[in-house]
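**Student:** Handing you a structure now.
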Amino acid sequence: MARRPTPDHVSLTVRVPRGHEGFWRIIRDLDAAGPWTVGTVAERTNAALASVGDYVRRLAKAGICTVVEERPSAFKPVKVYRLTERPMLAPRLRRDGTRCKPTGQEQMWRALRNLGTATYPELALAASTDEVAIDPVAAKAYIKMLAKAGYLVAMAQERSNTPVLWRLKPSMNTGPLPPLVMRTKLVWDQNEGRVVGEPRLEEARS
């Protein structure tokens, strides 16, 4: 039986949840114009109303937003909010309003932007903090995915037992949010809202 031809290019559509970062951008935009509700935030995202409400409750418990009014409705009063703080990056909060530790990818991306060039051991060292230590294996894997996506360029040919020195391309220093390596082995740029690099599709084996 003849094998089905494999196209050179495959169109891949990825549905990426807006998440807390997306909610925060919407909230900041709405708050710049005046008071807002959970419903008005949910109208601008593809997430469920409950997911938006959960994040807003975290913001309220952290004191980052506050209720300024309660509007009557058929079921229960609708809370109207205003921000008390306006950080650029979305606050990462637990359900009780306490702040989460930064992720390893956040720390590695911040270190890359500060260093400009680094080997994976250097990146692991620079990105480690008292709260979160970065394993060199994790740094090597993150660098590998960013290099495949076109963020990094090797400064020299790879040699055995000598880590490659990588440079962050100025054109790919897209912003403070770390490019996320997804479970599907894609790199998602949170700053530009797009997949960066060529996704590698593998045929499933029976």
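The values are calculated or read from the model by the stated rules, or taken from the named source; none is laboratory data. Worth saying up front: this structure is predicted, and the values here are computed from it rather than measured. Glycine gets a Cβ as well: all are built from the backbone with ideal geometry, and neighbour counts include every protein chain shown.
**Student:** Those residues that are in a loop (DSSP other than H, G, I, E, B), over 19 Å from the mean Cα position of the chain (by Cα) and not hydroxyl-bearing (Ser, Thr, Tyr), I need them from segment 119-168; list them, please.
**Tutor:** If the condition is that a residue be in a loop (DSSP other than H, G, I, E, B), over 19 Å from the mean Cα position of the chain (by Cα) and not hydroxyl-bearing (Ser, Thr, Tyr), then 130, 131, 133, 135, 155, 156, 157, 158, 161, 163, 164, 165 are the ones that fit.
**Student:** Would you call residue 81 assigned to a helix (DSSP H, G or I), touching a residue at least 12 places away in the same chain (Cβ under 8 Å), among the aromatic types (Phe, Trp, Tyr) and buried (at least 16 other Cβ atoms within 10 Å of the Cβ)?
**Tutor:** Values: assigned to a helix (DSSP H, G or I): no; touching a residue at least 12 places away in the same chain (Cβ under 8 Å): yes; among the aromatic types (Phe, Trp, Tyr): yes; buried (at least 16 other Cβ atoms within 10 Å of the Cβ): yes.
No: the conditions fail for residue 81.
**Student:** For residue 133, work out the one condition from (1) aliphatic (A, V, I, L, M); (2) at pLDDT 90 or above; (3) within 27 Å of residue 91 (Cα to Cα); (4) buried (at least 17 other Cβ atoms within 10 Å of the Cβ) it doesn't fulfil.
**Tutor:** All conditions pass for residue 133, except number (4).
**Student:** List, please: which pairs have Cβ atoms under 7 Å, are six or more places apart or on different chains, and start with a residue in segment 156-174 that is within 26 Å of residue 106 (Cα to Cα) and end with one that is among the hydroxyl-bearing types (Ser, Thr, Tyr) and in a strand (DSSP E or B)?
**Tutor:** Within 7 Å, the pairs are 165/117; 166/117; 167/117.
**Student:** Look through segment 55-75, keep the residues that are buried (at least 16 other Cβ atoms within 10 Å of the Cβ) and of a type outside the set (Ser, Thr, Tyr), and return whichever of them is farthest from residue 87 (Cα to Cα).
**Tutor:** First, pick out the residues of segment 55-75 that are buried (at least 16 other Cβ atoms within 10 Å of the Cβ): 55-60, 62, 64-65.
Checking which are of a type outside the set (Ser, Thr, Tyr) leaves us with 56-60, 62, 64-65.
Working: 56: 15, 57: 17, 58: 15, 59: 12, 60: 15, 62: 13, 64: 9, 65: 12 Å.
The residue in question is 57.
**Student:** Going through 171, 160 one at a time, which residue ends up being farther than 28 Å from residue 91 by Cα and either crowded, with 18+ Cβ neighbours inside 10 Å or hydroxyl-bearing (Ser, Thr, Tyr) (or both)? Steps first, please.
**Tutor:** Numbers: 171 fails: farther than 28 Å from residue 91 by Cα.
Every option except 160 fails the conditions.
**Student:** Could you list, in sequence order, all residues of segment 93-118 that are exposed (fewer than 11 other Cβ atoms within 10 Å of the Cβ) and either touching a residue at least 40 places away in the same chain (Cβ under 8 Å) or assigned to a helix (DSSP H, G or I) (or both)?
**Tutor:** The one that is exposed (fewer than 11 other Cβ atoms within 10 Å of the Cβ) and either touching a residue at least 40 places away in the same chain (Cβ under 8 Å) or assigned to a helix (DSSP H, G or I) (or both): 95.
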